[in-house]
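Right, one structure below, let's go through it.
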Amino acid sequence: MIEFKDVSLVYPNGTEGLKKINTTIKDGEFVVIVGLSGAGKSTFIRSINRLVTPTSGSLQVDGEDILNYRSGNLRKLRTKVGMIFQNYNLVKRSNVLKNVLAGRLGHTGTLRSILNLYKKEDISLAYESLKRVNIDEKIYNRADELSGGQQQRVSIARVLTQKPKYILADEPVASLDPPTSHQVMTYLKKINKEDNITTIVNLHFIDMAMEYADRIIGMRAGEVVFDGPVSEVSEKTFEEIYGRSIREDDLRGGADES
Amino acid sequence: MTNENNSLAEKKTPPIYPVKTKVQVSIIFFVILGIYLFSMFWTQKEMVGGFSGAFENMFTVMEKFFPPNFGVIGAIWGPLVETIQMAIIATTIAAILTVPLAVLAARNVTTFKPLYYTTRTVLNILRTIPDLVLAVIFVGLFGIGLFPGILALVVFSLGILAKLISETIEAVDMNPLEAMRASGGNVYQVIWYALVPQVLPQFTSLVLYVFEINIRASVVLGFVGAGGIGLILNQQLGFYNYPNAMMIIVLIFAVVIIIEYISTKLREALI
């Protein structure tokens, strides 16, 4: 369970990333955070694994306040919170398997990982993860030889290999075309249901949020302006979140093609 | 129609560069031109002989140096190999020592500012000392031989390598590093998994490049007593034994060309 209590974040340049956020994310939920760019979606998500550190309030993950965590604790927190990025963030010159094995870094000693001495079960776990996202035939390809969609699937496999309790996805489909976007979201949803991994996804496409989310959190200017199950959401809700009428480019489309 | 005419009349053609930039560039140009003219004037004043004697001298020099004495090849082979070994050992040690220094001197990885500035400053000081001066100092400390030569080369190449590699590190894609950190990797794992693969080709290429420089530098270092073929060359020149000296020069020339060729080919394959 993730609990935000009066969480605020002010960046060193004075920008307010988050303003007094109060919300609770229950285990197993598939939450989509929507909002315009600059609304604080990324800051929200990155606070949970402390890639950014909120400046006040308390943020509890599984009942422990993570805001005063230091390196050792932080590593432990990050092993149970996997993350997927907009730009996939793979090591382009390394092969797919090695990229996926990087998901085990938090569980592997420094020396073992530097010498590539991964445990047998870690390697088979990595392979299984690649199989689950249907990219096991590319195992020895260099990451930069793959298409965008394939790279994002590899990064999902990396997170799976991590065996996380939570998955954070920061705009996972923003760099992909519509069919591939739906494919990636389908995998995320499937993993959420099958492994019961709490998943929090940042999106700015309204139709995708409606299609995949259990619950939607709307953000504007660092504040939560909507929070509720997807059944309560209508086009009007989005207009309120965005503070303007809905446009063509707020929709990804292409749901039928995939 | 009237509208179109109006817009035509108001058409403005802005200069491609702002006037301020133009003035600045012109001033810089004239200052540099002035420095050139000034230094040309001064060097001319110092060159008393000019070129007149050079051609005559060239024939005397040619006469003295040719033909090279092929008989000494056997005797100079040892020192030549020593010179190459010197360069190899020095480059290897420098390459190993460079790794931590380059990481500490990279702004994006070493976020702790004082550490970054300290390393940068030390490297800058290191680079200002000419290799010949280093050799003279180390020969004074440890006596004539290979060891001071190797030390001088290590310090000299460390300055270049750490600087160039830290710049390569600063140009790296930071996203994979963030991903490794997000999956619970510690500092060493982040560096090893996300940074090293990105830097490795440039690193190898730069090490080979510094190796080429070291081969040439180690010859010169011999002149001040730092061992190897340079020492022998200096002796032969001192004894006015020009045919022997010529043979040494030809041999060095051949070796340097071969090594540079191999190294260039390797570097092309890497990048």
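The values are calculated or read from the model by the stated rules, or taken from the named source; none is laboratory data. Quick caveat: nothing in here was measured; it's all calculated off a predicted structure. In this analysis, Cβ positions are derived from the backbone assuming ideal geometry, glycine residues included, and neighbour counts consider all displayed protein chains. Just the protein is used for accessible areas: all its heavy atoms, side chains included, with ligands, DNA and RNA removed. Shrake-Rupley method; radii C 1.70, N 1.55, O 1.52, S 1.80 Å.
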Q. Residue check: is residue A:4 at pLDDT 90 or above and more than 13 Å from chain B (Cβ to nearest Cβ)?
A. yes
**Q.** helices (runs of 4 or more DSSP H) enclosed by region A:133-232 - at least 3 residues per element that are charged (D, E, K, R)
**A.** A:178-195
Q. Identify, please: which residue in region A:60-82 is open to solvent by 50 Å² or more (accessible area, probe 1.4 Å) and of a type in the set (S, T, N, Q) and is, among those, nearest to the other protein chains (Cβ to nearest Cβ)?
A. A:71
Q: Need at least 1 residues that are open to solvent by 40 Å² or more (accessible area, probe 1.4 Å) and either within 14 Å of chain A (Cβ to nearest Cβ) or touching a strand residue (DSSP E or B) at 6+ places or on another chain (Cβ under 8 Å) (or both) per element, so show me which helices (runs of 4 or more DSSP H) inside region B:152-261 make the cut, counting only ones lying wholly within it.
A: B:175-182, B:187-190, B:196-222
**Q.** Answer residue from region B:262-271, given it is part of a helix (DSSP H, G or I) and among the aliphatic types (A, V, I, L, M) and is least open to solvent (accessible area, probe 1.4 Å) among those
**A.** B:270
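Results for (1) more than 30 Å from residue A:123 (Cβ to Cβ); (2) more than 13 Å from the chain's Cα centre (by Cα); (3) surrounded by fewer than 21 Cβ atoms within 10 Å (Cβ to Cβ), shown as yes or no for each residue.
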position	(1), (2), (3)
A:181	yes, yes, no
A:185	no, no, no
A:208	yes, yes, no
A:236	yes, yes, yes
Q: Just give me the residues in region A:83-110 being in a strand (DSSP E or B), more than 7 Å from every other protein chain (Cβ to nearest Cβ) and within 18 Å of the chain's Cα centre (by Cα), in sequence order.
A: A:84
Q.
For region A:111-126: of the residues being closer than 19 Å to residue B:180 by Cα, of a type outside the set (A, V, I, L, M, F, W, C) and part of a helix (DSSP H, G or I), which is farthest from the other protein chains (Cβ to nearest Cβ)?
A. A:122
